[in-house]
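A quick write-up on the structure given underneath.
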Amino acid sequence: MRKKKGRFIDARKWYRYQFFGNATVTVQNENIVVDTTVANISFSGIGLYSPTSIGRGKKVRIKVSFIDRNGKLCEDITAGKVDWQTKFKNTYLLGIIFDEELNISNQSMLLEHLIWLINTYSWPEPYKDKRIAML
């Protein structure tokens, strides 16, 4: 989000979707591994609930675990950077921007599941610009 004359402007290109899953976050070049819960996800980032601070600006590797529509445990890995972090009571809320958008060659199970959720529940198309059809 960007701030413009006292108010925030949502500059995100992708819609965020509620997503049930866990994510193991590993901070690069440090011996820190944190088990988190997914709050939401988009094609370009993820929101997480963490029991400990990870640190804004840290480069991280994220292993997202979820149950697919057939009841199978699935995992996919991506990387990114902690864009923001704030403490809420005993939990840290994090926003991580992926190094590259989710794609079928690198996160096939996660992307297929997200597309299935979008189609099944008639959620909005992922890209906010209606001129671009993604699915």
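The values are calculated or read from the model by the stated rules, or taken from the named source; none is laboratory data. Just so you know, these numbers come straight off a predicted model, no measurement behind them. Quick reminder, even Gly has a Cβ in these numbers, built from the backbone with ideal geometry, and neighbours come from all protein chains shown. What goes into the accessible areas is simple: the full protein's heavy atoms, side chains included, and nothing from ligands, DNA or RNA. Shrake-Rupley method; radii C 1.70, N 1.55, O 1.52, S 1.80 Å.
Considering region 19-135, the qualifying strands (runs of 3 or more DSSP E), each wholly inside and each with 1 or more residues that are open to solvent by 40 Å² or more (accessible area, probe 1.4 Å) and in contact (Cβ under 8 Å) with a residue 40 or more places away in the chain, run over 22-27, 45-50, 59-67, 91-98.
The rows are residues; the columns are (1) touching a Phe, Trp or Tyr at 6+ places or on another chain (Cβ under 7 Å); (2) farther than 16 Å from Arg16 by Cβ; (3) among the β-branched types (Val, Ile, Thr).
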{"position": "Ser53", "(1), (2), (3)": "yes, yes, no"}
{"position": "Arg61", "(1), (2), (3)": "no, yes, no"}
{"position": "Val64", "(1), (2), (3)": "no, no, yes"}
{"position": "Asp68", "(1), (2), (3)": "no, yes, no"}
{"position": "Phe88", "(1), (2), (3)": "no, yes, no"}
{"position": "Glu100", "(1), (2), (3)": "no, yes, no"}
{"position": "Gln107", "(1), (2), (3)": "no, yes, no"}
{"position": "Leu111", "(1), (2), (3)": "no, no, no"}
{"position": "Trp116", "(1), (2), (3)": "no, yes, no"}
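Criterion first (of a type in the set (Val, Ile, Thr) and at pLDDT 95 or above) does Ile104 satisfy it? When the stated conditions are applied, Ile104 does not pass them.
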